[in-house]
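Engineer: Quick one: the structure is below, questions incoming.
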Amino acid sequence: MSIEKDREAIDRIDLEILNLLNERARLAISIAHQKREMANEQFAPARERQIFDRLRDHNKGPLPDQAVISIYREIIAVHRTLTRPLRVSYLGPAGTFTHLAARRKFGGLAELRPVDSIAESFAEVEKGAADYGLAPIENSLGGVVPYTLDVLADTTLKICAELYVDIELHLLAKCPLAEVVRVYSMPQPLAQARIWLKTNLPRAELIEVSSTAKAAQVAGPEPGSAAIGTDLAAELYGLNLIAEHIEDQADNRTRFIVVGTHDSPPSGKDKTSIIFAVRHQAGALYRALGVLNEYGINMTLIESRPTRRRPWEYLFYVDFQGHARDPKAEAALAKLAGECLDLRVMGAYPESE
């Protein structure tokens, strides 16, 4: 009888939640119409950050904070698409970690468009065919993605959001583990699951392909074949997860950026990305970075890339904590500009966790 009473209580709560979700949706639609009249961006990362922080502050369990955030991220994404689904271009094909990141950031109802390159993803946004673009920028084990930095240097778009995705590798196949004789994947996943593969499939042939999604596509129809990839790829290409979490290191994460035509207003906990070039003389970079130190600016990333205009000249890409519109950051950027041949703020956006 106690179970039945608890279920009846859950049923009542579900109806209350449903009514509240619809009321929230009506308010979200009203806000969307007002934003359209004011020509404001539909996607508001700073507002999302404030909602998530407030939920964490008030959450008393038993739901863990991350579960609450995951639920609300999907609620916000669904409500955002009630007036018009966002169009998001990403480095394809479908089923990759970039696709997974796009779904996580924009929800299952967004119009997610796979393209063949990061440059094409950004170009879709520049010409208005997509509202936002999403691309990987660095990995905790492999470092930065150089091509993304190069494309950023040539675009007028702004970084407006970021997110981190845990790289969880699974073995996907239509056959049992004992029948696997070959494994397809990109070079990086094959290397990152090297110990597991040596222990569990020591005789299997390892075959490199262009993406984890391609691996799933190829392995699916082949008897005795498996792929290392995402659970999303298994879902999309009709494979089973025959072994989960086969990565050798559990702390492997990739950071993704979202680009659009505007950056994000301050949220209270932000990050700013800049690109600059200094004079080709002794101490120029030291003096430039000294400005950030002088103002107590904490860098989270610094990377150099060739300018591709003149040999042996470089651009420097820097991420630092704080919003470009914060008084301290504004003063630091103004002084830094005096030490640089060129300085561009690539975007300011809520810092992800």
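Engineer: Does region 49-58 include one or more residues that are in the same structural domain as Glu120 (by TED's automatic domain parsing), part of a helix (DSSP H, G or I) and of a type in the set (Phe, Trp, Tyr)? First the steps, then the outcome.
Structural biologist: Our first condition is that a residue be in the same structural domain as Glu120 (by TED's automatic domain parsing); within region 49-58, this holds for none.
The answer is no, given that none of the residues of region 49-58 is in the same structural domain as Glu120 (by TED's automatic domain parsing), part of a helix (DSSP H, G or I) and of a type in the set (Phe, Trp, Tyr).
Engineer: Evaluate the following for Thr96: is it out of contact with any strand residue (DSSP E or B) (no Cβ under 6 Å at 6 or more places or on another chain), touching a residue at least 12 places away in the same chain (Cβ under 8 Å), within 30 Å of Ala234 (Cα to Cα) and buried (at least 20 other Cβ atoms within 10 Å of the Cβ)?
Structural biologist: Values: out of contact with any strand residue (DSSP E or B) (no Cβ under 6 Å at 6 or more places or on another chain): yes; touching a residue at least 12 places away in the same chain (Cβ under 8 Å): yes; within 30 Å of Ala234 (Cα to Cα): yes; buried (at least 20 other Cβ atoms within 10 Å of the Cβ): yes.
So Thr96 passes the test.
Engineer: It is to be established whether one or more residues within region 269-283 are surrounded by 18 or more Cβ atoms within 10 Å (Cβ to Cβ), touching a Leu at 6+ places or on another chain (Cβ under 7 Å), among the acidic types (Asp, Glu) and closer than 28 Å to Arg54 by Cα. Write out each step before concluding.
Structural biologist: Initial filter on region 269-283 (surrounded by 18 or more Cβ atoms within 10 Å (Cβ to Cβ)): 270-278.
Subset that is touching a Leu at 6+ places or on another chain (Cβ under 7 Å): 274-278.
After this cut, where a residue has to be among the acidic types (Asp, Glu) as well, the list is none.
No, the conditions are met nowhere in region 269-283.
Engineer: Given region 161-278, what strands (runs of 3 or more DSSP E) lie entirely inside it while holding 1 or more residues that are at pLDDT below 90?
Structural biologist: Answer list for region 161-278: 270-278.
Engineer: Right, another one. Restricting the search to region 315-343, which residues are surrounded by fewer than 17 Cβ atoms within 10 Å (Cβ to Cβ) and closer than 19 Å to Val151 by Cβ?
Structural biologist: Listed by number, the list holds a single entry, Asp342.
Engineer: So which residues in region 114-129 are in contact with a helix residue (DSSP H, G or I) (Cβ under 9 Å, 6 or more places away or on another chain) and under 12 Å from Val258 (Cα atoms), if there are any at all?
Structural biologist: Correct list: Ile118, Ser121, Phe122.
Engineer: Quick check, is Ser30 exposed (fewer than 12 other Cβ atoms within 10 Å of the Cβ) and either in the same structural domain as Asp231 (by TED's automatic domain parsing) or not basic (Lys, Arg) (or both)?
Structural biologist: Working: exposed (fewer than 12 other Cβ atoms within 10 Å of the Cβ): yes; either in the same structural domain as Asp231 (by TED's automatic domain parsing) or not basic (Lys, Arg) (or both): yes.
Considered against the rule, which asks whether it is exposed (fewer than 12 other Cβ atoms within 10 Å of the Cβ) and either in the same structural domain as Asp231 (by TED's automatic domain parsing) or not basic (Lys, Arg) (or both), Ser30 comes out as yes.
Engineer: Quick one: which of Arg87, Arg113, Arg73, Arg56 is basic (Lys, Arg) and either under 19 Å from Tyr147 (Cα atoms) or in contact (Cβ under 8 Å) with a residue 40 or more places away in the chain (or both)? Steps first, please.
Structural biologist: Values: Arg113 fails: either under 19 Å from Tyr147 (Cα atoms) or in contact (Cβ under 8 Å) with a residue 40 or more places away in the chain (or both); Arg73 fails: either under 19 Å from Tyr147 (Cα atoms) or in contact (Cβ under 8 Å) with a residue 40 or more places away in the chain (or both); Arg56 fails: either under 19 Å from Tyr147 (Cα atoms) or in contact (Cβ under 8 Å) with a residue 40 or more places away in the chain (or both).
Selected residue: Arg87, the only one of Arg87, Arg113, Arg73, Arg56 that is basic (Lys, Arg) and either under 19 Å from Tyr147 (Cα atoms) or in contact (Cβ under 8 Å) with a residue 40 or more places away in the chain (or both).
The values are calculated or read from the model by the stated rules, or taken from the named source; none is laboratory data. If you're wondering where the values come from, they're calculated on a predicted model, not measured in any experiment. A quick note on method: Cβ atoms are made from the backbone with ideal geometry, for glycine too, and the neighbour counts reach across all protein chains shown.
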